[in-house]
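Student: Below you'll find the structure I mean.
Every number in this text was worked out from the coordinates using simple rules, so none of it is lab data. Since we're looking at a predicted model, the values are computed, not measured. Positions of Cβ are backbone-derived with ideal geometry, glycine not excepted, and every protein chain shown enters the neighbour counts.
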Amino acid sequence: MKTQDQTQHHNVHIQIVRHNRVCDKLQISSAKLFDMVATGIFPKPFVLVPGGRAVGWLEQDVDNWILARKEAAKVAA
């Protein structure tokens, strides 16, 4: 039997994006992304494999961050 959490994620397409792809989506340099993560402006990535070094973000989280920035820009204008 599936739990409710498993059922909710069953129909959702989950995509992991790596550092270079996030830089491409945001149109920023690698150094800028590291700075934004370090200062808490952008969410921290998560480790993809326990004990490994590879990290990534859920594409939905990156997209939601972009949309939140757009809304914040509207309010500030």
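Student: Can you compute the helix-only [θ] at 222 nm over the chain? Use -39500 (n - 2.57) per DSSP H run of at least 4 residues, normalise by all residues, nearest 500 deg cm²/dmol.
Tutor: -16500 deg cm²/dmol
Student: With only alpha-carbon atoms counted, please give the Rg and Dmax of the range 13-76, in Å.
Tutor: My reading of the Cα-based Rg and Dmax gives 12.4, 42 Å.
Student: Given the peptides 30-43, 62-75, arrange them by the average over their residues of other C-beta atoms within 10 Å, most packed first.
Tutor: 30-43, 62-75
Student: Ordered by residue, what ³J(HN,Hα) values in Hz, to whole numbers, does the range 69-74 give under the Karplus form 6.51 cos²θ - 1.76 cosθ + 1.60, where θ = phi - 60° and Gly and Pro are x?
Tutor: 5, 4, 5, 5, 5, 4
Student: With +1 on the Cβ of every Lys and Arg and -1 on the Cβ of every Asp and Glu, and nothing else charged, how large is the dipole of the chain about its Cα centre, in debye rounded to the nearest 20?
Tutor: For this selection, approximately 140 debye.
Student: How much length would be gained if the chain were fully extended between Lys44 and Glu59, taking 0.36 nm per residue of separation minus their Cα-Cα distance, in nm to one decimal?
Tutor: Extending this stretch completely gives an extra 4.1 nm.
Student: For the range 43-60, take each phi angle, set θ = phi - 60°, evaluate the Karplus expression 6.51 cos²θ - 1.76 cosθ + 1.60, and give the result in whole Hz per residue in order, putting x for glycine and proline.
Tutor: Karplus-based 3J(HN,Hα) across the range 43-60 equals x, 6, x, 10, 6, 6, 10, x, x, x, 9, 5, 10, x, 10, 6, 4, 4 Hz.
Student: Need the list of aspartates and glutamates near Lys44 for cross-linking: C-alpha distance under 18 angstrom, and skip anything on the same chain fewer than eight residues off.
Tutor: Output for Lys44: Asp24, Asp35, Glu59, Asp61, Asp63.
Student: Among Gly40, Ser29, Ile66, flag the residue with its Cα farthest along the positive direction of the charge dipole of the chain, charges on Cβ as +1 for Lys/Arg and -1 for Asp/Glu.
Tutor: Of the candidates, Ser29 comes out farthest on the positive side.
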